[in-house]
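To start, the structure under review is shown below, and the notes come after it.
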Amino acid sequence: MNMTGPHKPGAIRITIVCSDLAIPSYSITREFTLYVLESENTPRGILFNGNGFVKENIEGAFLGNVSIVDLVSGMVLKQDYRFSITDDTLPFTMDEHTLKTKEGLDYEQERIWFIVIQTTLLNDEVIQEDVMIHVLDTNDASTAIGLYHPAIIYENSPDGTFLNEMFTEDQDLGQDHVYTILHIYGKAKNGTIYQIHIDTLSIADNTLNIGTNNKEIDFEAYEYITVEVNTTDVGHFDGTAYSFIENITLDVIDVNEAPIDIATNITEVNENITLGTIIGELTIEDPDINDDHTCNITTASNFKIVDKTMIQVWRELDFEMSQVEMFIVICFDFGGLSMDKVLQINVFDINEPPFNITLSNSNIDENNMPGQTVGELKAMDFENSMVMFMVASEGHFAIVGDGTLVANETLHHNKAPGYNINVTAIDHLGLSTSKNFYIKVNAIDLPPKGILL
């Protein structure tokens, strides 16, 4: 037998033949199995069979198995040993003979890890093995979407207006990202959230712009607008693309807007109203709530604007001359923006007393017959109503019919060469006007009635 003994544990089969020295000689053959046992005095080492590489972000990733090896023979020993990592703060763990990750590793944080694996032999000898693990970079999902500029949006901005530039927070530096708008919401003044048209905003590359439906961007309607944006990377490292969704909130900034309508609370006014009377007020509709306005009339008119919006009569209103007053009014807001509009106020007819009383004849020959006509009375009336006449003449004259002035008695020039009378014209509603006339009594040359001696 080899006196140095076998180098590897295991079974050895031997055959022994025994022969005597007699003649004839006899022999006997026997086979035996010898078992070579391991010895703790043989040098031992830890063998790690992993390739030393692992992808990032995988929790519980398999790294390799470890075992005890005879350093002389190179044979793996089958005894059960307990393995551990000397630094239990590292993100690795031993699961019996298997080395695994405790958590996903981060290539961007640490690319190479050094691990010391150890075990205790039966003779209480502690042996260790250094293992180096390389972390392989893979595509990481994005973690946030941000803006380079203040998160504001001005109302009434035209289509295509630049708003902001977006960026994506991504551990993988140099990644390209594609942005997509998923939804747009607006918060109303009363706190209600409304979904608004997706074309209100648009994205070109990483630029956020005003979209074609820009009328939705209205400070008076919404305090702020929230854009739900999806960012997708291009998966540079392993071909796997990841998406991330985040809400971006933009405060809507108020800008001055021109008035959009002018109205008045009065549609008609009585004629002959006292000059200087305030008859109504202008109401200005303006998107900017509580904006201050100053108005003026720009055309010839019987009205004028005082105290910014009050309508005042400053010229006589006469229904018979004009039944409708039309004028152009212009109103400026506090920021100087304006609008103009044609307004109309109807002049309402009111009953007016008769006027311009005339008498067709104002003299009469003396010695007239009672009831003889002096002349015809006429009066004008804006309403063309029937006019009645009355006369005050101490009984000398009277009115008959629609306006015939007659003598009530025989008049004599010698008695009275004429009479002052007062004629009153009365319309159908009792309004009246009066005028004085002088009726002359003409002297008539009469022949003598006789001769006296």
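Descriptive notes on the structure:
The rows are residues; the columns are (1) of a type outside the set (Val, Ile, Thr); (2) part of a strand (DSSP E or B).
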site: Ile203; (1), (2): no, yes
site: Asn209; (1), (2): yes, yes
site: Thr212; (1), (2): no, no
site: Lys215; (1), (2): yes, no
site: Tyr224; (1), (2): yes, yes
site: Val227; (1), (2): no, yes
site: Asn230; (1), (2): yes, yes
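- On inspection, Val342 does not qualify as at pLDDT 95 or above, out of contact with any His (no Cβ under 9 Å at 6 or more places or on another chain), open to solvent by less than 60 Å² (accessible area, probe 1.4 Å) and not polar (S, T, N, Q).
- Residue identified as loosely packed, with under 15 Cβ neighbours inside 10 Å and over 28 Å from Glu320 (Cα atoms) among Gly401, Gly430: Gly401
- Candidates are the residues of the range 75-107 that are closer than 14 Å to Val54 by Cα and of a type in the set (D, E, K, R); the one that is most open to solvent (accessible area, probe 1.4 Å) is Glu103.
- Of the criteria (1) in a strand (DSSP E or B); (2) closer than 30 Å to Lys187 by Cα, which one Val255 fails: (1)
- Of all the residues in the range 122-160, those that are within 25 Å of Thr249 (Cβ to Cβ), surrounded by fewer than 15 Cβ atoms within 10 Å (Cβ to Cβ) and among the β-branched types (Val, Ile, Thr) number 2.
- Test for Thr29: is it over 30 Å from Arg111 (Cβ atoms), of a type in the set (Ser, Thr, Tyr), at pLDDT 85 or above and surrounded by fewer than 15 Cβ atoms within 10 Å (Cβ to Cβ): yes
- Of all the numbered requirements in (1) open to solvent by less than 60 Å² (accessible area, probe 1.4 Å); (2) touching a residue at least 60 places away in the same chain (Cβ under 8 Å); (3) over 28 Å from Thr138 (Cβ atoms); (4) in a strand (DSSP E or B), Val54 misses one, and that requirement is (3).
- The range 212-237 - residue that is over 15 Å from Ile145 (Cα atoms) and more than 13 Å from the chain's Cα centre (by Cα) and, of those, surrounded by the most Cβ atoms within 10 Å (Cβ to Cβ): Phe237
- Asn384 being farther than 24 Å from Asn302 by Cβ and open to solvent by 60 Å² or more (accessible area, probe 1.4 Å): no
- Filter result for the condition that a residue is basic (Lys, Arg) and either within 30 Å of Asn272 (Cα to Cα) or within 60 Å of the chain's Cα centre (by Cα) (or both), over Lys415, Lys378: Lys378
- Scanning the range 287-310 for residues that are open to solvent by 40 Å² or more (accessible area, probe 1.4 Å), aliphatic (A, V, I, L, M) and either under 23 Å from Glu268 (Cα atoms) or touching a helix residue (DSSP H, G or I) at 6+ places or on another chain (Cβ under 6 Å) (or both) returns Ala300, Met310.
- Some residue of the range 266-281 being out of contact with any Ser or Thr (no Cβ under 7 Å at 6 or more places or on another chain), part of a loop (DSSP other than H, G, I, E, B), among the small types (Gly, Ala, Ser) and surrounded by fewer than 15 Cβ atoms within 10 Å (Cβ to Cβ): yes
- Selected residue (only one of Asn256, Asn156, Asn213 is touching a Ser or Thr at 6+ places or on another chain (Cβ under 9 Å) and among the polar types (S, T, N, Q)): Asn213
- Within the range 376-426, strands (runs of 3 or more DSSP E) holding 3 or more residues that are over 30 Å from Ile350 (Cβ atoms): 397-400, 404-407, 418-426
- Qualifying residue in the range 444-453 (condition: modelled with pLDDT of 95 or more and not aliphatic (A, V, I, L, M)): no
The values are calculated or read from the model by the stated rules, or taken from the named source; none is laboratory data. These numbers were taken from a predicted model, which means no experiment stands behind them. Quick reminder, even Gly has a Cβ in these numbers, built from the backbone with ideal geometry, and neighbours come from all protein chains shown. Protein only, heavy atoms only, side chains kept; ligands, DNA and RNA dropped before computing areas. Shrake-Rupley method; radii C 1.70, N 1.55, O 1.52, S 1.80 Å.
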